[in-house]
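Colleague: This is the structure, below, for whatever I ask next.
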Amino acid sequence: MKKQFYYQATQCLCSSLSLESALKSYYDYVKQHLPIDGIFLNIYRPAHGDIQFLSHVNQSQAMALDKQVKLSSEMELVLQQNDRPVIRIINDINLDKVTGFVAPQVIPDIGSVILLRMVSSDTHLGVVGFYAKQPGVFKPLHADLIEPHKDTFSLITAFNLRGRNLLRANQALSQENDNLKRGLFAPDGVVGAEGGLKKVMVQVDAIAALNTSVLMQGETGCGKEVIANAIHAKSNSAGKPFIKVNCGAIPESLIDSELFGYEKGAFTGAERRKAGYFEQANGGTIFLDEIGELPLSAQVRLLRVLQNSSITRVGGYDSVQLNIRVIAATHRNLQAMVHEKTFREDLWYRLAVFPIEIPALRQRRSDIPALVQYFIEKLAAKFNLEQLPRVMPEQLALLNNYGWPGNVRELINVLERAIIQQPQGPLNFDLLQVQSAEEVVTQPGLTIVVDPSHASDKLVPLEVMISKYISHAMRITGGKLYGPGGAAELLDINPNTLKSKMKKLGLC
C-alpha cells in the first residue's frame with residue numbers, strides 16, 4: 001500500500017514543470033487517501049525575516065503565490081532549531097505559535113495541518129502544509145504516508161525557485177531593454193532633435209558623411225558631446241572607434257605621450273609601446289573636448305598632426321598615417337583667444353572648417369519637458385525605482401522658467417537631487433525659486449533683484465557693457481554726476497573715478 005502510494009504520488013509531483021500543475025495532480029491523488037482540503041507550500045527566508053508562500057492548491061484552484069509574512073525574532077528562533085521534527089501533526093492550529101500566526105493569513109479557515117519540513121544540509125527551507133478546515137482530523141498513519149515525499153518536494157521547490165529567479169532576471173533585462181529603448185526615443189538619441197536642436201541636427205546631417213573637421217561651440221553642459229556622438233553615429237565610420245579626450249584634464253607634461261603615444265624606453269617607466277588617443281581613434285573619430293585649454297606648445301604639435309594626417313610616437317622615428325575625423329569643442333571664445341595670442345590662428349582655421357553653435361538650454365526651453373522625462377527615466381533605472389516619480393505642472397513650470405546657467409548638466413543634477421530626496425515623488429524644485437535670482441542691497445538700503453537668467457547668451461565686451469550702464473545711470477539722474485542722488489552715488493563709485501572712466505569711454 002505505502003509503496004504504491006509513494007510511487008503514484010511521486011509520479012504526480014513530477015508530472016509537470018509547473019509547480020501549480022504538479023501540486024494539483026498530487027492533491028487530486030492524495031485527497032483519495034487523506035482527509036485534506038488543500039496543500040500549501042512556503043519557504044523561510046532568514047535574510048528577510050519572513051515566510052514566503054509559493055503555492056496553494058485546493059479543490060477548486062491551483063495558484064502561485066508571492067505572499068510574505070513577517071516574523072518576530074522569537075518565531076525566527078523557533079524555525080532555526082535543527083531538532084524540530086521532519087513531520088508534525090497540528091490538530092488545533094492555535095496550539096502552534098508560528099503556524100497559528102502564519103497560515104491563517106493565506107488560508108483563513110484552516111483548522112488543522114500536517115507540516116512536512118523541507119530540509120537541505122541541515123538547513124530549514126520551508127514546509128509543505130496538508131490542511132483541513134476542521135480541527136482534529138489527522139492521524140499518525142496520514143503522516144507516515146506523506147513523510148517519504150520530503151525529498152521530492154525539496155527538489156521541485158528548488159527548481160521552482162530557480163525558475164522564478166530566472167523569470168525575475170528576464171524581467172529585469174526586459175526592463176533594462178525598455179529603458180535603453182526609451183533612452184533612444186529621440187532621433188539619433190538626441191532629445192530635442194525635432195525641437196530646439198533642429199537647426200543643429202540639420203548641420204549634423206550635412207557634415208556627417210564628409211570627413212571634415214568640426215568645431216562645436218557652446219556653453220559648458222549644453223550637450224556638445226551628445227552632438228559629437230550623433231555626428232559619429234551618422235558618419236561612414238560609425239562602426240569604428242570614437243575616442244573622447246578632455247584636453248583640459250591632461251597635464252601639460254603628458255600631452256604628447258597621451259595624444260600621440262610613446263615607444264618602449266622613451267622615458268623612465270615606458271616599459272612597452274603605447275598607442276596614444278589619435279592612434280586609438282584611427283579609422284574613426286576623435287573628439288577633442290575643451291580644445292581651448294591646450295597650451296600653445298601643444299597646439300603647434302596638434303596643427304602638424306592635422307596638416308600631415310600622421311603622428312610620431314614619443315621616442316620614435318617612424319610616422320603613423322591616420323585616417324581620422326576630428327571634432328573639437330569648447331565653451332571659450334576661440335576667436336577672441338586668437339586676437340589675444342593665446343590660441344593659434346592657423347589651428348583655428350584648421351579646426352573651424354565647419355563650426356556648429358550649440359544653443360544653451362534657456363534658448364530651447366521647449367525641450368525641457370522632454371529632457372525632464374528622459375532623465376527621470378534614466379535616473380529611475382539607476383536607482384532601481386519601481387515607478388517613475390511624478391512632476392506636477394507647477395513644478396515643471398519652475399524648471400521651464402529657471403535660467404539654467406549650468407545647462408543640461410545642471411538639469412540632470414537638479415533632477416537627481418530631487419529624486420534622492422523624494423524617490424516616490426512628486427518631485428519638488430522649489431529651491432530653484434531661491435537660486436534663480438540674486439538680491440543686491442544697495443548703499444541707501446534698497447533691495448534690487450538681479451536675474452541673470454533673463455540675459456542673452458550673446459555677450460559683449462565688458463567695456464561696452466560698462467559704457468551702456470553708466471549712460472543708463474546718467475539718464476536716470478538727469479545727467480547729474482556729483483552730489484546726493486547723482487550717478488556716482490548710485491553706482492557707489494568716487495565721482496572723480498567715474499568722471500575719468502567716462503572720459504576713457506568717450507562719454508564726455
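Colleague: Which residues, counting only those in region 88-113, are surrounded by 15 or more Cβ atoms within 10 Å (Cβ to Cβ) and acidic (Asp, Glu)?
Modeller: Listed by number, the list holds a single entry, 96.
Colleague: I'm checking my understanding of the structure. Among residues of region 350-363 that are part of a helix (DSSP H, G or I) and of a type outside the set (D, E, K, R), which one is nearest to residue 406 (Cα to Cα)?
Modeller: Within region 350-363, the match that is nearest to residue 406 (Cα to Cα) is 361.
Residue by residue, here is whether (1) at pLDDT 85 or above; (2) among the basic types (Lys, Arg); (3) touching a Gly at 6+ places or on another chain (Cβ under 6 Å) holds:
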position: 81; (1), (2), (3): no, no, no
position: 94; (1), (2), (3): yes, no, yes
position: 108; (1), (2), (3): yes, no, no
position: 139; (1), (2), (3): yes, yes, no
position: 145; (1), (2), (3): yes, no, no
position: 148; (1), (2), (3): yes, no, no
position: 156; (1), (2), (3): no, no, no
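Colleague: Please name all residue pairs, on different chains or six or more residues apart, with Cβ atoms under 7 Å, provided the first residue is in region 1-14 and is within 12 Å of residue 27 (Cα to Cα) and the second residue is part of a helix (DSSP H, G or I) and hydrophobic (A, V, I, L, M, F, W, C).
Modeller: Pairs that qualify, where the first residue is within 12 Å of residue 27 (Cα to Cα) and the partner is part of a helix (DSSP H, G or I) and hydrophobic (A, V, I, L, M, F, W, C), are 9/30; 12/22; 13/22; 13/156.
For (1) under 53 Å from the mean Cα position of the chain (by Cα); (2) at pLDDT 75 or above, each residue gets a yes or a no:
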{"site": "416", "(1), (2)": "yes, yes"}
{"site": "423", "(1), (2)": "yes, yes"}
{"site": "487", "(1), (2)": "yes, yes"}
{"site": "497", "(1), (2)": "no, yes"}
{"site": "508", "(1), (2)": "no, no"}
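Colleague: Residues in region 112-134 that are farther than 16 Å from residue 56 by Cβ and modelled with pLDDT of 90 or more: how many?
Modeller: Qualifying residue count for the region: 2.
Colleague: Within region 200-225, work out how many residues are hydroxyl-bearing (Ser, Thr, Tyr) and more than 29 Å from the chain's Cα centre (by Cα).
Modeller: Looking only at that region, the number is 2.
Colleague: Can you tell me which of 396, 306, 347 is over 29 Å from residue 195 (Cα atoms), modelled with pLDDT under 90, open to solvent by less than 70 Å² (accessible area, probe 1.4 Å) and part of a helix (DSSP H, G or I)?
Modeller: Among 396, 306, 347, only 306 is over 29 Å from residue 195 (Cα atoms), modelled with pLDDT under 90, open to solvent by less than 70 Å² (accessible area, probe 1.4 Å) and part of a helix (DSSP H, G or I).
Colleague: Shifting gears a bit: What are the pairs, 6+ residues apart or on separate chains, where a residue within region 395-409 that is within 15 Å of residue 375 (Cβ to Cβ) has its Cβ under 6 Å from a residue that is at pLDDT below 85 and basic (Lys, Arg)?
Modeller: none
Colleague: In region 310-334, which residues are on the phi < 0 side of the Ramachandran plot, touching a residue at least 12 places away in the same chain (Cβ under 8 Å), more than 37 Å from the chain's Cα centre (by Cα) and open to solvent by 50 Å² or more (accessible area, probe 1.4 Å)?
Modeller: 312, 321
Colleague: Now, a different point. Determine which single condition residue 383 fails, assuming it passes every other condition in (1) surrounded by 16 or more Cβ atoms within 10 Å (Cβ to Cβ); (2) touching a residue at least 40 places away in the same chain (Cβ under 8 Å); (3) over 25 Å from residue 218 (Cα atoms).
Modeller: (1)
Colleague: Please count how many residues of region 317-373 are farther than 27 Å from residue 281 by Cα and hydroxyl-bearing (Ser, Thr, Tyr).
Modeller: Number satisfying all stated conditions: 2.
Colleague: Is one or more of the residues making up region 224-246 among the basic types (Lys, Arg) and surrounded by 19 or more Cβ atoms within 10 Å (Cβ to Cβ)?
Modeller: Yes, there is a match, as at least one residue in region 224-246 is among the basic types (Lys, Arg) and surrounded by 19 or more Cβ atoms within 10 Å (Cβ to Cβ).
Colleague: Oh, and also: Of the residues that sit in region 129-155 and are aliphatic (A, V, I, L, M) and within 23 Å of residue 119 (Cα to Cα), which one is farthest from the chain's Cα centre (by Cα)?
Modeller: Selected residue: 141.
Colleague: Okay, next question. Would region 334-342 turn up any residue that is of a type in the set (Asp, Glu) and within 22 Å of residue 229 (Cα to Cα)?
Modeller: Checked region 334-342: no residue is of a type in the set (Asp, Glu) and within 22 Å of residue 229 (Cα to Cα).
Colleague: Looking only at residues in region 185-213 that are open to solvent by less than 20 Å² (accessible area, probe 1.4 Å) and in contact with a Pro (Cβ under 8 Å, 6 or more places away or on another chain), which one is modelled with the lowest pLDDT?
Modeller: Step by step, filter region 185-213, then rank; the result is 193.
Colleague: Can you name the condition, by its number, that residue 266 falls short on among (1) under 30 Å from the mean Cα position of the chain (by Cα); (2) modelled with pLDDT under 85?
Modeller: Among (1) under 30 Å from the mean Cα position of the chain (by Cα); (2) modelled with pLDDT under 85, residue 266 violates only (1).
Colleague: Anything in region 309-344 that is part of a loop (DSSP other than H, G, I, E, B) and within 14 Å of residue 217 (Cβ to Cβ)? List them, or say none.
Modeller: Hits for region 309-344 are 331, 332, 333, 343.
Colleague: If the requirement is being part of a helix (DSSP H, G or I) and either closer than 29 Å to residue 403 by Cα or not aromatic (Phe, Trp, Tyr) (or both), which of these qualifies: 258, 194, 219?
Modeller: 258
The values are calculated or read from the model by the stated rules, or taken from the named source; none is laboratory data. None of these values were measured; they are calculated from a predicted model. Here Cβ is always computed from backbone atoms with ideal geometry, including for glycine, and neighbour counts include all displayed protein chains. Keep in mind that these areas ignore ligands, DNA and RNA; they rest on the heavy atoms of the full protein, side chains included. Shrake-Rupley method; radii C 1.70, N 1.55, O 1.52, S 1.80 Å.
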